[in-house]
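The values are calculated or read from the model by the stated rules, or taken from the named source; none is laboratory data. These numbers come from a predicted model, not from an experiment. Ideal geometry is used to build each Cβ from the backbone, glycine not excepted, and the neighbour counts take in all protein chains shown. Side chains are part of the model used for accessible areas, which takes the heavy atoms of the whole protein and leaves out ligands, DNA and RNA. Shrake-Rupley method; radii C 1.70, N 1.55, O 1.52, S 1.80 Å.
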Amino acid sequence: MQVSYNNLFKKLIDKGLKKTEFAKEAGISPGTLAKLSKNETISMENLLKIYKFLGCNSFDEIIEVIDWFSFIELRLISVWNHDLSFDSVQGKA
């Protein structure tokens, strides 16, 4: 699963918070802050800390889940259909 924390970082800018200041005040470890900066997944516990600290109404305010599964699935179907078409042209299907 791929995620983006751009909404979180925009929110921090709007509140005038530096990343390290935010992490310390929200109880987030430097390791978790590094994961956020690299758009890596973090634990639900840490997401809840961030959610509560910032007073969010929705997780969409801090995280966006980018669904690559659908894209990959469509691509695989496309390749599979192409292979069937190729085989039928050659008389293999």
Scanning the range 29-65 for residues that are within 21 Å of Asp14 (Cβ to Cβ) and of a type in the set (Asp, Glu), the one modelled with the highest pLDDT turns out to be Glu61
Being open to solvent by 70 Å² or more (accessible area, probe 1.4 Å) and modelled with pLDDT of 95 or more, is that true of even one residue in the range 69-76? no
The helices (runs of 4 or more DSSP H) lying entirely within the range 1-68 that contain at least 1 residues which are out of contact with any Pro (no Cβ under 8 Å at 6 or more places or on another chain), open to solvent by 50 Å² or more (accessible area, probe 1.4 Å) and in contact (Cβ under 8 Å) with a residue 40 or more places away in the chain are 6-15
